[in-house]
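Student: Before I ask anything, here is the structure I am working with.
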Amino acid sequence: MPISGIEGLGAFMGGPAAAFGVRNVAPTSNLGDLLEPGKAADGGASSFGVSLASAVDNLTAAQAKSSDLAVKAVTGDLDDVHDYTIAATEAAVTLELTAALRNKAVDAFTEIMRMQA
């Protein structure tokens, strides 16, 4: 019997990008492609900006689901408390991963700015 609440956690096996549902992003050599959210790197692949926006949307959705289930648990409308526990854990792990990716991006930017020409 599969547990539907933790289906997103299996994506961690594919790396941080897979955890956010980011798949099939084509590599690009043009920095402008990375900075323009609507522009695709090649015909069918989405750009980095679109993938990042999608990841943030997924985080927001996970947090909203967790909040909704928390309200249902408090009011007694929730049949299975495990659903809330799973949703809350998924939202927490996703938030931690997002914060870690943000910190790594800031560290990389800082390191690039320290480079001498």
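Student: Answer rounded, prolate or oblate for region 74-117, using the Cα gyration tensor with square roots of eigenvalues a ≥ b ≥ c: rounded when a/c is under 1.5, else prolate when a/b is larger than b/c, else oblate.
Tutor: Verdict is prolate for region 74-117.
Student: Please list, in chain and number order, the residues 5+ apart from S47 or on another chain whose amide H is under 5 Å from its amide H, with Hs placed from the backbone.
Tutor: Counting only residues 5 or more places away or on other chains, the set is A41.
Student: Hey, could you get me the Stokes-Einstein D for region 42-92, Kirkwood radius over alpha-carbon pairs, 20 °C and 1.002 mPa s, rounded to whole µm² s⁻¹?
Tutor: Numbers: Rh = 12.4 Å.
In µm²/s, the coefficient rounds to 173.
Student: May I ask you to rank I112, I86 by accessible area, largest first, using a 1.4 Å probe over the protein chains only?
Tutor: I112, I86
Student: Moving to a separate point now. Please list V106, V74, V93 from largest to smallest accessible area, probe radius 1.4 Å, with all protein chains kept in place.
Tutor: The ordering from most to least exposed comes out as V74, V106, V93.
The values are calculated or read from the model by the stated rules, or taken from the named source; none is laboratory data. None of the values given here were measured: they were computed from a predicted structure. Please note that ligands, DNA and RNA were not included when accessible areas were found on the heavy atoms of the full protein model with its side chains. Shrake-Rupley method; radii C 1.70, N 1.55, O 1.52, S 1.80 Å.
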